[in-house]
Structure formats: C-alpha cells, structure tokens
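The values are calculated or read from the model by the stated rules, or taken from the named source; none is laboratory data. It should be emphasised that the depicted structure is a prediction, and the values quoted were computed from it without experimental measurement. When we count neighbours, we look across all protein chains shown, and the Cβ atoms used for this are built from the backbone with ideal geometry, even at glycine.
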Amino acid sequence: MKTTLTVACIILKSAWQSVCLPSTRILSMLSPLRSGSLCSALTALLLAPLAAFAQAKPEVANAIKTTKRAWESAPAEKQALWAQQREALKHIDLTDDTQRQIVIAQGTPEEYHAHPTTALLSDNKTMFCVWNIGHGGHAGPAARSEDGGLNWRRIDETLPANYVNYRNCPSLYRITDPNDKERLWVFAAFTSSGKQVVNDIPGRHEGWMPRVVSEDEGNTWREVAPLSPKPDTKFANVMTFSSMVRLKNGSTLGLYHRGAQGKDANLQVLQAVTRDGGFTWSDPVMVCDGTKLDSKDPREPNVFRSPDGDELCCIMRENKRSGTSLVVFSRDEGTTWSQPKDTPWGLTGDRHHGVRLPDGRLVIVSRNTTPNAKDKGGFIAWVGTYEDIKQGKPGQYRISLLKSFKDGFYPGLHLLPDGSIVATTYATYRKDDGGCSIVSVRFKMDEIDALAAKDSK
C-alpha cells in the first residue's frame, strides 16, 4: 500500500509541476467556480495531461500496417497501376531540412498536442492555429501569428471558458457571408461529458458541433449554441466540418462525416449550407454513403473548386484501407454528386488540404497512407493538376515534408503572397519528446522545381 501511494504521489507531483506551476494561462480560462466544484475542476486539470497521453494512438504505424495489407491484397493489375504511378512521380525529400520547420507548441511526456487546423486572414499574413490536447482530446490551445507563420504567440486565454470542454479536432474557418462580412469560426465534434469535462461550468452549452466565433479578426471570441444542442442529434458526427467552400450565391458549403450507427464505422459524408456566415445551417444531406459502398469507408472530406469555377471536387480519406483515397465531383454547387471513384495513387492519404498555385498546379497535403509507398516522411505533399485528379493520372511530385516517431499529420495549409507554402501539422517531433508537437513546414514551389531539375541531371 505504501509503494502504491508513493507511485501515485510521484505521478501527481509530475502532473502538478507540468500543469499547475505554469497554470496562470489555463486558470484564466476557468470561470469563477463555486467551492463545491473547485475540487473536481482542479482534479480534472491535474489529470488532464495523463489522460491526454493515455489517449495517444500510433496512427502513423497503424497506417503503415494497413497500407501494406492493402498492397498485398490488391489484384496484380491494380498493383501494376500503382507501381507505374509511383515511378511516374518525382519524389522530393525535405524531412531533414530543419530550417524549414517551426515549432508552434512543443510536445513533452505530459503535453500531447494534436490535430491542428489553421486560418489565414485576408491580409495574407495574420494566421491562427487551434488544436486539441491528446489524440481526439479536448480543445483549448490556440495561437496567432502576424508574420505569416514565422513567429507565434499563444492566445488560449481569449477563448470562452467552455471552449476547453469541446472535443475532437477543433476546426478553424474564415467564413464570408453574402454581404462580404468575414468571421472566424471554430467548430468541434461534441462537448465533453462525465469524467472528460475539464471545466465544469453550470449551465454550459452541450451538444454536437459546439462553436465559437470572432467578428473582429480573432481579437475577441464568443460562444454560440451548438448546431445540435442536447438532446438533439441532427448534427451528430465523428468529426466536425473537415472543409468548406464558398458557393456562387455567396453561401458556404461545409462537409463532415459521421458513423451510420453512431460509431466510427460504416461512415457517411454529409454536407450542410450556411447562408448567413455561419450562424444557421441547413439540414445535413448525404454526399457519399459508405454503407452502400463495397469495402469503402469515406471520411474527412476536402472540398475545393475547379480552375474554371464550374465544378466542385471532394477528396475523401478511405478508412478501410482497401486501396487509394476516394473522390467525387459536383457540377451543380453540391446539389448532386457523382459516384465515388479512386484517386490517383499519389493522392492517397488522410485529412487532405490543398492550395492552388498561380500556374494552376495544386499542392495537396495529407497523412501518408499510400500502398507500397517509398517516401521518407509521413507528412506528404502531392503536386499535380486538376485534370490529373479527374483523369486518374499520377501527378508531378510527391514531397516528404516531415517525419514522426509516433502519431501525426492532420494539416492546415496556406499560400502566401511571396510564394511560401505553409503546411502546419502535428508530429512526435523528436524521439524523446513523448507527446506530439505542433509544427509547420515552409517551402516554395520554385525551390521544389529546382530540386527536381537537379535530381534529373
């Protein structure tokens, strides 16, 4: 019994040293608490890092195993096509170029930073980043950069007190309403309950797709009721909006995924539309129903517009790891969608995000889940054209951006006026870190073109 108590004291001391000593920032987020709830709130605060670390998942290792299985189970003609597309791509490795890497939040054995998303203001230099603690854990951390992602400062204390109770992949968007008013929104999957509650605020908002909004370019934030306040389940989901696109009529289309039986399986991709800049949303409708597909589970949709502006393209992670990722198209602003088909081999990944270059090429980053890949990094950028996606062609480049020793690689991505591409993700950055860090990688396409030309000589 004495030994058990000693071990428990050591664990609590470590948690106290890592959390409570630097806790001024965190405590400022807590609303005034009644004495009856103070003990439970502080207990949750003490144990949050331990719980977050316990939630860590070796996603990269899992991806390697499942993609190996996808390759081995594929028919010979499919293997031949994938091998042909792999060899057609020029492979560029930037993973050891640490001068390109900027750590926004350093991981430690007690702090597991994961699942960042980013937004860039219209000034093309002010950037925001939000993420959660632990794999799919609670929200809270936020950072702001005013120089295009070169330097960052934490702004956790500006978020509403209940924000720390939001869970799973907080997603940040700049939504423009039909009157061209811009707002920043953060959506999450759902609110914490039971032992997962970090800040037990009486009467707090609870439900599916909780959200906060800023109407002054991120200087102040306020909470708005969830899209589905308890007990409503209309917007029940596995993950909140994974991507959004502005429609021709000035409204905004958001896509997300859910499990058909309320679990992270039998997945379905859905969409909803806001016509007032993010405050109200239409009822969800189906985009891609995984329950009707053979050995396919679509999730994490990334929607963007074609170069001519007349088509929407949506790339989706395929969660059964049966082959490549999936893609669907819409010629009527999301009213109807094509049947899903396989992406080119080089676009296979999780949580895709992309930008279009001035020359028309696309840069799309994701967690690498490509069958029989030879890349050095788990965080990958594919470079190609829209027609490559439409016609199933290989593309031009595969760029290895970052390695990880365990988990990693949900991204945010932006193109700056000077040509810099800023890709922000999470990774177990150093072997002894324990927890994941939030890290951005910077590169320019003329640098990539030069490296590719040099390798061709």
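Name every residue in segment 149-159 that is closer than 24 Å to ARG204 by Cβ and surrounded by 22 or more Cβ atoms within 10 Å (Cβ to Cβ), in order of residue number. Show your work before the answer.
Taking segment 149-159 first, the residues closer than 24 Å to ARG204 by Cβ are 154-159.
Residue satisfying the conditions is LEU159 alone.
Can you pull out the residues in segment 178-228 that are in contact with a Phe, Trp or Tyr (Cβ under 8 Å, 6 or more places away or on another chain), assigned to a strand (DSSP E or B) and not hydroxyl-bearing (Ser, Thr, Tyr)?
Residues satisfying the conditions are LEU184, TRP185, VAL186, PHE187, PHE190, GLY207, TRP208, ARG211, VAL212, VAL213, GLU223, VAL224.
Assuming ALA453 fulfils every condition listed in (1) touching a residue at least 60 places away in the same chain (Cβ under 8 Å); (2) farther than 24 Å from ILE102 by Cβ apart from one, which condition is it?
Just one mismatch for ALA453, condition (1).
Quick check on this structure: which one of ALA44, ALA8, ALA56 is at pLDDT below 75 and in contact with a strand residue (DSSP E or B) (Cβ under 9 Å, 6 or more places away or on another chain)? Before the answer, list the steps.
On the way: ALA44 fails: in contact with a strand residue (DSSP E or B) (Cβ under 9 Å, 6 or more places away or on another chain); ALA8 fails: in contact with a strand residue (DSSP E or B) (Cβ under 9 Å, 6 or more places away or on another chain).
One residue alone meets the criteria, ALA56.
When SER295 is evaluated against the numbered criteria (1) closer than 15 Å to LEU267 by Cβ; (2) modelled with pLDDT of 95 or more, which criterion, by number, is the only one it fails?
Just one mismatch for SER295, condition (2).
Kindly check whether there is at least one residue in segment 214-224 that is over 30 Å from ARG331 (Cβ atoms) and small (Gly, Ala, Ser).
yes
Which one is farthest from THR369 (Cα to Cα), of the residues in segment 63-81 that are in a helix (DSSP H, G or I) and of a type in the set (A, V, I, L, M)? Can you show your working first?
Within segment 63-81, the first condition is being in a helix (DSSP H, G or I), and the residues that meet it are 63-73, 76-81.
Then keep just the ones that are of a type in the set (A, V, I, L, M); that gives 63-64, 70, 76, 80-81.
Numbers: ALA63: 6, ILE64: 7, ALA70: 10, ALA76: 19, ALA80: 18, LEU81: 17 Å.
So, considering only residues that are in a helix (DSSP H, G or I) and of a type in the set (A, V, I, L, M), the one farthest from THR369 (Cα to Cα) is ALA76.
Out of curiosity, is THR324 crowded, with 17+ Cβ neighbours inside 10 Å and not charged (D, E, K, R)? Full working, then the answer.
Values: crowded, with 17+ Cβ neighbours inside 10 Å: yes; not charged (D, E, K, R): yes.
Yes.
If I filter segment 74-109 down to residues being among the small types (Gly, Ala, Ser) and touching a residue at least 40 places away in the same chain (Cβ under 8 Å), which single residue comes out as farthest from SER420 (Cα to Cα)? I'd like the intermediate steps shown before the answer.
Residues of segment 74-109 among the small types (Gly, Ala, Ser): 74, 76, 80, 83, 88, 105, 107.
From the residues that got through so far, the ones that are touching a residue at least 40 places away in the same chain (Cβ under 8 Å) too are 74, 83, 88, 105, 107.
On the way: ALA74: 38, ALA83: 31, ALA88: 26, ALA105: 21, GLY107: 25 Å.
Ranking the qualifying residues of segment 74-109, first place goes to ALA74.
Please find, within segment 258-267, the residue that is surrounded by the most Cβ atoms within 10 Å (Cβ to Cβ) out of those that are under 14 Å from LYS234 (Cα atoms) and touching a strand residue (DSSP E or B) at 6+ places or on another chain (Cβ under 7 Å). Don't jump to the end; show me each part of the working.
As a first pass, look at segment 258-267 and keep what is under 14 Å from LYS234 (Cα atoms): 258-262.
Subset that is touching a strand residue (DSSP E or B) at 6+ places or on another chain (Cβ under 7 Å): 258-260.
Working: ARG258: 23, GLY259: 18, ALA260: 14.
Filtering first and then ranking leaves ARG258.
GLU157 - would you say it is among the charged types (D, E, K, R), at pLDDT 95 or above and touching a helix residue (DSSP H, G or I) at 6+ places or on another chain (Cβ under 8 Å)?
Values: among the charged types (D, E, K, R): yes; at pLDDT 95 or above: yes; touching a helix residue (DSSP H, G or I) at 6+ places or on another chain (Cβ under 8 Å): yes.
The answer is yes for GLU157.
Somewhere in segment 441-448, is a residue in contact (Cβ under 8 Å) with a residue 40 or more places away in the chain, surrounded by fewer than 24 Cβ atoms within 10 Å (Cβ to Cβ) and basic (Lys, Arg)? Explain how you work it out, then say what you get.
Step one: list which residues in segment 441-448 are in contact (Cβ under 8 Å) with a residue 40 or more places away in the chain, which gives 441-443, 445, 448.
Within this subset, residues satisfying the condition of being surrounded by fewer than 24 Cβ atoms within 10 Å (Cβ to Cβ) are 442-443, 445, 448.
Restricting the remaining residues to those that are basic (Lys, Arg) gives 442.
Yes, segment 441-448 contains at least one residue that is in contact (Cβ under 8 Å) with a residue 40 or more places away in the chain, surrounded by fewer than 24 Cβ atoms within 10 Å (Cβ to Cβ) and basic (Lys, Arg).
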